[in-house]
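Scroll down for the structure; my scribbles are underneath it.
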Amino acid sequence: MATDSPTAPPVRPEQGRYLAVEQSAEFGALRKTFRGFVFPVTVVFLVWYALYVIMSAYARGFMSHKLVGNINVALVFGLLQFVSTFLIAWAYTRFADRRLDPSADRLRHEIEGGAS
Amino acid sequence: MSGYDGFLYSIGFLVAWLVALLLVAELMRNSGRYTMGDVLAFRMRQAPVRTAASVSTIVVSIFYLLAQMVGAGSLVALLLGITPGQTFLGMSAETAKIVTIVLIGALMITYVVIGGMKGTTYVQIVKAFLLMVGAIVMALLVAVAYKFNLSTLLGDAAAKSGKGAAFLDPGLRYGKDIIGNPTATTISKLDLLSLGAALVLGTAGLPHILVRFYTVPNSRIARRSVVWAIGIIGLFYLLTLALGFGAAALVGSANILKQDPGANIAAPALAQKLGERYLGGATGGAVLLALISAVAFATILAVVAGLTLASSSSVAHDLYANVVRRGQTNERDEVTVARYAAFGIGAVAIVLGIFARGLNVAFLVAVAFAIAASANLPAILFSLFWKRFNTRGAVWGIYGGLISAVLVVLLSPVVWGGASKSLPAAKLTAAQAKECGVAATSTQVNNPTALFSCTTSAPIPFSNPGLISIPLGFAFAAIGALTARERDDEKYAELEVRSLTGAGAH
């Protein structure tokens, strides 16, 4: 518990510090890297998922097409959603560990070191 | 028993975890402590935002609690072997369901009051373990029964489903093509899209999931936990795919529906069948049925405890500590209030559960997700990412999304079952016709299990509110924020820095 909880907001002397950090170059780069990954990826997986749901509703003929035995396109498309979800989760972890954590840790130490 | 369409639920639930992973989990963990309200009220006026957050937490939790309790009721009726019309210890199936709902409710209240967050965490760990073992064992038995040939399993499931090859295609239950009625077809398809939207956007707004993020020591572990959750949940859904088709193939849809018209008990019925086949006759069947049912009860208890805990802590921390006492209180008082709140919420869920016992569990879950996606998600995302967001935006977004989602459900075919141009008449069984008070040949009824009336038709033809209420939730939040002048750049800077770096977090 380094500082208070957000429940009781007394005016703290270091409050202006957050504004300073927010406007710093390093934080700006961190935010840009973070948003540069999560926003486009979110759009991609939502569109990919929407495509699956919309095809389930409107492209019945295509989705019911049998590929091997009783296995149809709908089932394979559904399984691909699992694959893409696993891949994105893995890719994000790798990205965050390498590209976000070092900079986030540095900034946190700077802020907390200065505050105490 | 709607074949392929059940798969759609799993995929929605799974993909939804990506929203939680990328946009919500780490940022929330870094900027809050106990409840969703902590993050929403971070840079806003405490009282109105926390009240709204608490109200929507309670409503979502109660809908989800209902689903769990109705599931438990059906399960007990199966365990006691009572089909409608028979009795057990003088109880009819309906009475047994009511007794179960009351008992589960009482058990969960006791559990949360005594066990708290730690107890709930342990029961969730035990449940996750049992559930995975149970699912793996059953999936293996199904696989052995079909010599690991997915295609034969699917073929058999389709043959025994009584619906033929259509069982494997999308659109048996949702997004039906209704021949000769384009209005009804359009409505049905939009309803499917609506369900899809709620499933994928709901998870990241569910209160009992959000409070989980607070229990980890840092954002790196929050990230790891969500990735683990995605792996385990994904594996589990792949197994349930085998189990669902296995239940249809080995037990047969007709037998499942005879036991429970909501088809909530497919997995235990499959367990019984597999036990009979592989563990030696009727005894083996009974043993496996009992084991899987125990797992199901542990699961229900774990979810129910999590929900009760999330909502009672919101009452204590948001409403009591920060609105009533304006932050002037201590943790001991908060815990006491949380215990009383658990009683209250439990009691409400029990009473509503009794009324809702005929509904399909999956539907109730979908409604909880739709409300979470409409009321909570817009406020959470705007709070975390939009500098201009403010108190009015949060309050309008939460109440706007909440009210529109609940209103759509209240005006939907789930409540009003009458047939109309867009909702064609259903074939009625003798029992359903009697229940509705119409002749079995009547064409007035679309949904014979409607809550209020089978013959008055619904003003809104959708059962799933998401497609209407999620955009409304976002719109209310955005309009609210833009029409108010309040903005606090300094607090937003603090939220942004803290949420991304973890500085100053607990």
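The values are calculated or read from the model by the stated rules, or taken from the named source; none is laboratory data. In this text, all values refer to a predicted model and were calculated from it rather than measured experimentally. Because the Cβ atoms are built from the backbone with ideal geometry, glycine has one as well, and the counts that use them run over all protein chains shown.
Within segment B:333-353, being under 19 Å from B:I98 (Cα atoms) and buried (at least 18 other Cβ atoms within 10 Å of the Cβ) holds for B:I345, B:G346, B:A349, B:I350, B:G353.
In this structure, B:L428 does not satisfy being surrounded by 15 or more Cβ atoms within 10 Å (Cβ to Cβ) and under 25 Å from the mean Cα position of the chain (by Cα).
Exactly one of these conditions fails for B:W228: (1) buried (at least 19 other Cβ atoms within 10 Å of the Cβ); (2) more than 9 Å from chain A (Cβ to nearest Cβ). Give me its number. Among (1) buried (at least 19 other Cβ atoms within 10 Å of the Cβ); (2) more than 9 Å from chain A (Cβ to nearest Cβ), the lone unmet condition for B:W228 is (1).
Within segment B:332-354, the presence of a residue that is within 13 Å of another protein chain (Cβ to nearest Cβ) and either touching a Cys at 6+ places or on another chain (Cβ under 9 Å) or closer than 19 Å to B:L482 by Cα (or both) is excluded. If you take the residues of segment B:4-33 that are surrounded by 24 or more Cβ atoms within 10 Å (Cβ to Cβ) and among the small types (G, A, S), which of them is farthest from A:Y92 (Cα to Cα)? Checked segment B:4-33; the qualifying residue farthest from A:Y92 (Cα to Cα) is B:G32. When the residues of segment B:166-185 are filtered to those that are surrounded by fewer than 16 Cβ atoms within 10 Å (Cβ to Cβ) and facing chain A (nearest Cβ under 10 Å), the one that is modelled with the highest pLDDT is B:D177.
Considering segment B:1-59, the qualifying helices (runs of 4 or more DSSP H), each wholly inside and each with 1 or more residues that are over 21 Å from A:R31 (Cβ atoms) and of a type outside the set (S, T, N, Q), run over B:4-19, B:36-40.
Evaluate the following for A:L51: is it at the interface with chain B (Cβ under 8 Å from one of its Cβ atoms) and in a helix (DSSP H, G or I)? Before the answer, list the steps.
On the way: at the interface with chain B (Cβ under 8 Å from one of its Cβ atoms): no; in a helix (DSSP H, G or I): yes.
Here the answer is no, as A:L51 does not meet what is asked.
Being at pLDDT below 90 and within 26 Å of the chain's Cα centre (by Cα) is a property that B:S463 has.
So, A:F95, is that one more than 7 Å from every other protein chain (Cβ to nearest Cβ), under 18 Å from A:L30 (Cα atoms) and of a type outside the set (A, V, I, L, M) or not?
Details: more than 7 Å from every other protein chain (Cβ to nearest Cβ): yes; under 18 Å from A:L30 (Cα atoms): yes; of a type outside the set (A, V, I, L, M): yes.
So A:F95 fits the description; yes.
Each residue in segment A:55-74 was checked for being at the interface with chain B (Cβ under 7 Å from one of its Cβ atoms) and on the phi < 0 side of the Ramachandran plot, and 11 pass.
Put simply, of A:F82, A:F27, A:F39, A:F45 the only residue that is assigned to a helix (DSSP H, G or I), aromatic (F, W, Y), more than 21 Å from B:L241 (Cβ to Cβ) and touching a Leu at 6+ places or on another chain (Cβ under 8 Å) is A:F27. Here B:V55 passes the criteria (1) more than 30 Å from B:A242 (Cα to Cα); (2) in contact with a helix residue (DSSP H, G or I) (Cβ under 6 Å, 6 or more places away or on another chain) except the one numbered (2). Pairing each residue of segment B:103-118 that is closer than 15 Å to B:M69 by Cβ with any residue that is β-branched (V, I, T) and surrounded by 19 or more Cβ atoms within 10 Å (Cβ to Cβ), provided the two are 6+ apart or on different chains, yields C-beta distances under 6 Å for B:G105/B:I350; B:M108/B:V304; B:M108/B:T308; B:V112/B:T308. Can you find even one residue in segment A:50-64 that is surrounded by fewer than 19 Cβ atoms within 10 Å (Cβ to Cβ), modelled with pLDDT of 90 or more, in contact with a Phe, Trp or Tyr (Cβ under 8 Å, 6 or more places away or on another chain) and over 22 Å from B:L22 (Cβ atoms)? Yes, segment A:50-64 contains a residue that is surrounded by fewer than 19 Cβ atoms within 10 Å (Cβ to Cβ), modelled with pLDDT of 90 or more, in contact with a Phe, Trp or Tyr (Cβ under 8 Å, 6 or more places away or on another chain) and over 22 Å from B:L22 (Cβ atoms).
For segment B:364-391, a tally of residues being part of a helix (DSSP H, G or I) and surrounded by fewer than 18 Cβ atoms within 10 Å (Cβ to Cβ) returns 1.
Against the definition (under 30 Å from B:I209 (Cα atoms) and over 23 Å from the mean Cα position of the chain (by Cα)), how does B:T441 come out, yes or no?
Numbers: under 30 Å from B:I209 (Cα atoms): no; over 23 Å from the mean Cα position of the chain (by Cα): yes.
Judged against the criteria, B:T441 is not a match.
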